[in-house]
Amino acid sequence: DNKILIRIYQDNDYLNITIEDNGEGIKDTQKVFELFSMETSVDNKTETGTGVGLYFVKLICDSLDIKYKV
């Protein structure tokens, strides 16, 4: 059962947005924002996703001077 939790809260002068899911997790956080970067699933046989989602997050955040992290 896939679940996504989105939290938005203010911390002094900053607005924080956290997005959390119950997926397998990301092993290599150094490559996660690269275009077409994907990890194989637990069984090492299938790749999931397109590898563009977090890359687009990076582009948007960079263009708006927003800090982001994994």
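The values are calculated or read from the model by the stated rules, or taken from the named source; none is laboratory data. Note that this is a predicted model, so its numbers are computed, not measured. Positions of Cβ are backbone-derived with ideal geometry, glycine not excepted, and every protein chain shown enters the neighbour counts. Accessible surface is based on the protein model in full, side chains and every heavy atom, while ligands, DNA and RNA are left aside. Shrake-Rupley method; radii C 1.70, N 1.55, O 1.52, S 1.80 Å.
Whole number in Å², please: accessible area per residue of the chain, 1.4 Å probe, ligands, DNA and RNA not counted. Can you show the working numbers first?
Details: 6470 Å² over 70 residues.
Value for the chain: 92 Å² per residue.
Give me the distance in nm between label points sitting 7 Å out from Cα along the Cα-to-Cβ direction at Ile4 and Gln30, one decimal.
Placing both labels 7 Å beyond Cα along the Cβ direction yields 2.9 nm.
Ranked highest first by average number of other Cβ atoms within 10 Å, how do 17-27, 1-11 line up?
17-27, 1-11
If you fit an axis through the alpha-carbon atoms of helix 53-63 and take the longest principal axis of the Cα set of the chain, what angle between them do you get, 0 to 90°, nearest 10?
Taking Cα atoms only, the helix is inclined about 30 degrees.
Go ahead and estimate [θ] at 222 nm for the chain from helices alone: -39,500 (n - 2.57) per DSSP H run with n ≥ 4, summed, over the residue count, rounded to 500.
So the helix-based figure for the chain works out to -5000 deg cm²/dmol.
Percent of Cα-Cα pairs per 10 Å bin, from 0 to the last occupied bin, for the chain, please list those.
16, 45, 31, 8, 1
Can you list the residues, at least 5 places off or on another chain, whose amide H is less than 5 Å from the amide H of Val52, using H built in the peptide plane?
Phe36
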